[in-house]
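Beneath this line is the structure, given in structure tokens, with notes to follow.
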Amino acid sequence: MPSEKEVYEAHADQYERMIQREDHQGNILREIEKLVALENLDVVDLGAGTGRLTRLLAPKVPSIRAFDASGHMLAKAAKSLEEMEMKNWETSVADHRKIPLADESVDLVVSGWSFCYLAVWGGEEWKTALEAGLTEMRRILKPGGMMILFETEGTGVSTPTPPAHLDGYFAFLAEAGFGSRAFRTDYSFASLSEAEELSTFFFGAEMVSSQ
């Protein structure tokens, strides 16, 4: 099982196969649309990876710009957006803490399963890293704009069970004024063998054998 950093640096195809199997109910887009009307919004997707949220939102908005620290992942995102024949998108390599956009230039910032890595990989300066990322997101938002962050509250569980190593991160978000809403993004695989292959690759044999 590769580390998370190794996945993002060299395993975009496997990553994309996995996320294609997640949220078979289509809850992610429904939850976004409960919070904000998307038409006429200029959107930024931070930590976009292979473009899961970018692909969901591109058909709904005038423009969307996808940023990620991994050019490897963004290349996969760009390819999939080209295959959709969408014209309203851009991709660029950038960190949450240094976004190459003007002040007050976007209506909506989304970040899926990525902002937390400023804490996870931030060492002793994790809170400083999060504060820098939050400041940068606030900088690019227009007055009245919105930030939506998606994070895991458990894998292989039926009720929300946030990972213990993210306790400080979730406390930081609460202190920063973020609300919280839990919903399911269940996986649906084509076969048992596919489920075992992909789940072992990402989560390890121990988790797979315990399910």
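Just give me the residues in region 96-128 being buried (at least 17 other Cβ atoms within 10 Å of the Cβ) and part of a strand (DSSP E or B), in sequence order.
Val106, Asp107, Leu108, Val109, Val110, Ser111, Gly112
Go through region 172-183 and give me each residue that's surrounded by fewer than 13 Cβ atoms within 10 Å (Cβ to Cβ) and part of a loop (DSSP other than H, G, I, E, B).
Selection gives Ala176, Gly177, Gly179, Ser180, Arg181, Ala182.
Looking at Thr155, Thr161, can you tell me which residue is within 28 Å of Ala58 (Cβ to Cβ), in a loop (DSSP other than H, G, I, E, B) and within 19 Å of the chain's Cα centre (by Cα)?
Of Thr155, Thr161, the one residue that is within 28 Å of Ala58 (Cβ to Cβ), in a loop (DSSP other than H, G, I, E, B) and within 19 Å of the chain's Cα centre (by Cα) is Thr155.
Within region 81-93, can one find any residue that is outside any loop (DSSP other than H, G, I, E, B), modelled with pLDDT of 95 or more and aromatic (Phe, Trp, Tyr)?
yes
Would you confirm, using the coordinates I've provided, whether Glu82 is over 25 Å from Thr135 (Cα atoms), free of Cβ contacts under 8 Å to residues at least 24 places away in the same chain and not small (Gly, Ala, Ser)?
When the stated conditions are applied, Glu82 passes them.
Listed here are the residues, each with its yes/no results for (1) surrounded by fewer than 15 Cβ atoms within 10 Å (Cβ to Cβ); (2) over 24 Å from Lys142 (Cβ atoms).
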position	(1), (2)
Asp13	yes, yes
Arg21	no, yes
Gly26	yes, yes
Asn40	yes, no
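Return only the number of the condition from (1) out of contact with any strand residue (DSSP E or B) (no Cβ under 9 Å at 6 or more places or on another chain); (2) under 16 Å from Phe67 (Cβ atoms) that Gly156 does not satisfy.
(2)
Of all residues being within 25 Å of Thr54 (Cα to Cα) and hydroxyl-bearing (Ser, Thr, Tyr) in region 164-194, which is nearest to the chain's Cα centre (by Cα)? Just the residue, please.
If we take residues in region 164-194 being within 25 Å of Thr54 (Cα to Cα) and hydroxyl-bearing (Ser, Thr, Tyr), then Thr185 is nearest to the chain's Cα centre (by Cα).
From the list Val120, Val61, Val43, pick out the single residue that is touching a Leu at 6+ places or on another chain (Cβ under 6 Å) and within 19 Å of Phe178 (Cβ to Cβ).
The match here is Val43.
Is it the case that His96 is closer than 24 Å to Arg139 by Cβ and touching an Asp or Glu at 6+ places or on another chain (Cβ under 7 Å)?
In short, yes.
The values are calculated or read from the model by the stated rules, or taken from the named source; none is laboratory data. All values reported here derive from a predicted model rather than from experimental measurement. Counting neighbours? That spans all protein chains shown, and the Cβs are built from the backbone with ideal geometry, glycine included.
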